[in-house]
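Colleague: Before I ask anything, here is the structure I am working with.
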Amino acid sequence: MKKFLRLSTTLAILLAALGGPAPAQGAKTSPPAGAGSDQLYLTGRTAMTDGDYRKAATLFKQLVDAYPTSKSTSEALYWRSYSLFQQGSADRSAAAYSDALTALDQYAAIAGKSPANDAADLRARIRAAQAKLGNADAAGEVAQSAKRLSQASGCSGSAADEETRMAALEGLLSMNSDDAVPILKQVLKRRDACRVDLRRKAVWMISQKEAPDVATTLLDVARNDPSLDVRTDAVFWLSQTRSEKVIPMLDSILFSAGDEQIRKKAVFSLSQQLPDERAAQALRRAVEDERLPADLRGEAVFWLGNTPSNANLEYFKSVFKKSADNALRSRIVQAVSNTPTPEAANWLLDVARDKSYDVDTRKNALFWAGQRKSFDVNQLSSIYAQAGDDAIKDQVIFVYSQRSEAAATDKLMTIAKSDPDVAMRKKALFWLGQKNDPRAKQFILDLINKP
C-alpha cells in the first residue's frame with residue numbers, strides 16, 4: 001500500500017484555519033481544542049511533506065495517545081515510525097531508530113495478519129540502519145533475513161516484496177566480509193529472470209567487500225549470468241576491486257566474451273587500470289587484433305589516447321601506417337591530438353600533407369591539429385598550396401577561421417583577395433565575416449568600396 005504525502009489546496013486551507021496560539025514554553029503539548037484525530041493526522045502528514053519529521057513524529061504520537069481507538073491510529077503509527085526513521089537517518093540517532101521500531105511493532109499489532117507491505121520494507125531498513133550503528137541484535141536479524149533471501153526460490157511476490165528483499169540485501173553492507181560474502185554469493189547463484197535487480201545490487205555490494213574470492217566470483221558472474229545487465233555490471237565492478245587478478249581477468253573477458261557490450265565494458269574497465277603496463281598491453285593487443293570489431297578497436301585507441309605520451313605516439317604511428325581501416329585511422333588521429341608535444345603536431349600535419357591517404361583521414365588530421373592550443377598556423381600554407389583536392393583547401397580555410405592568431409586572419413585575407421579559385425575566395429570571405437576582428441571588417445568594407 002503506497003503512501004502519498006501531497007495534500008490538495010482545499011485541504012491545506014482547511015488545516016491553516018485550524019491553527020491556534022502556540023503553547024507556552026515548557027507546557028505539555030496537547031491536541032488543539034476541538035480538533036479530532038483526522039485533523040491531527042492531516043497536520044502530521046503536512047509536516048512530513050514539509051520535511052519536518054521531528055514535528056510529524058510528535059503529532060502522530062499525540063494522535064495515538066489521545067485517540068487510541070480512532071480509525072487513524074494505525075496509519076499514524078506507521079507514519080510515526082517512518083518519520084522517526086527519517087529523523088534517525090538525518091541525526092544518526094540510535095534512540096530515534098529504537099522509537100521507530102517500537103511504533104512499527106505497535107502498528108503491526110493493530111494490523112494483525114495483514115499489515116501493509118511497506119511495513120516489512122520499513123522494518124528491514126530500520127534494522128539495517130541500527131546494524132550500521134553497532135546494534136548486535138539488529139545485525140543478527142539482518143543476517144537471518146539475508147540468508148532467507150539467498151535460499152528463496154522462484155519468482156513469487158509483489159513489487160513491494162521485491163523492495164523488502166532489496167532492503168534486506170542492503171543490510172549486508174553493515175556486516176563484515178566473512179559473514180556477508182557467502183550470503184551474497186548465494187544470492188548471485190539465484191539466476192531467475194525476476195531477480196536481475198537483486199543480483200545487480202549484490203554485484204555492487206560484493207565488490208565493496210574484502211575477501212580473497214570476490215574477484216573470482218565477479219568473473220563467474222561476468223561470464224555466466226543470463227542477464228546482460230548483470231554481466232556488464234560485474235565487469236565494471238570487477239575493475240574496482242583491489243585484486244591482483246583483475247587485469248588478467250579483464251583481459252580474458254575482452255578476448256573471449258561473445259557479446260560486444262561486455263567487451264566494450266572490459267575495454268573501459270582496463271582503461272581504469274592505466275598506467276599499469278599490463279592493462280596497456282591488453283588494450284594494444286585489442287587495437288591490433290583485426291578479428292575484433294572496428295568499433296571495439298577504436299574504443300581501445302580512445303582510452304590509450306587518454307594517457308598521452310611519446311611512447312603511445314610511436315605506437316599509434318606504427319599502427320596507423322599498417323592499418324587500412326579508415327575509421328580506426330580517424331580514432332588514432334584523434335588520440336594523437338591529445339599528446340601535447342611538437343612531434344605529435346608535426347605528425348598530424350604530415351598526415352594532412354600525404355596524398356596517399358584518403359581525403360577524410362587528411363581532413364581529420366587537419367581538424368585535430370587545429371584544435372591544439374599551441375599550433376603554428378604558418379605550417380598550413382604549404383598544405384593549402386599543395387592540397388591537390390578542394391576539400392583539403394576548404395578544411396585549411398576552416399582551420400584558419402577557428403584560430404585567433406593575427407596570422408590566421410592574414411592568410412584568410414590573402415586567399416580572399418588573390419586566390420585564383422573563386423569558390424575558395426568566397427569561402428574565405430564568409431569566414432572573415434564571422435571573425436570579431438576590426439581588420440577583417442575593414443578588409444571586407446574595402447572590397448565592397450573598391451572601384
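Colleague: From the cross-link list K322/K393; K209/K265; K317/K355; K363/K435; K245/K265; K132/K209, which pairs have alpha carbons spaced over 24 Å apart?
Modeller: Result: K322/K393 exceed 24 Å.
Colleague: Per residue, how much accessible area does segment 198-241 show when a 1.4 Å probe rolls over the protein heavy atoms, in square angstrom?
Modeller: Solvent-accessible surface per residue comes out at 38 Å².
Colleague: Any aspartates and glutamates with Cα under 15 Å of the K71 Cα? List them, leaving off those in the same chain fewer than 8 positions away.
Modeller: Within the straight-line limit of under 15 Å, K71 reaches these aspartates and glutamates: D38.
Colleague: Test of understanding: what is the full-extension gain from Q371 to D295, defined as 0.36 nm times their sequence separation minus their Cα-Cα distance?
Modeller: Stretched out fully, the Q371 to D295 stretch lengthens by 25.0 nm.
Colleague: Right, another one. When averaged across all projection directions, what area in nm² does the alpha-carbon convex hull of segment 310-369 cover?
Modeller: It is 3.4 nm².
The values are calculated or read from the model by the stated rules, or taken from the named source; none is laboratory data. Everything numeric here is computed off the predicted structure, so don't read it as measured data. In case anyone asks, the SASA skips ligands and DNA or RNA and just uses the protein heavy atoms, side chains included. Shrake-Rupley method; radii C 1.70, N 1.55, O 1.52, S 1.80 Å.
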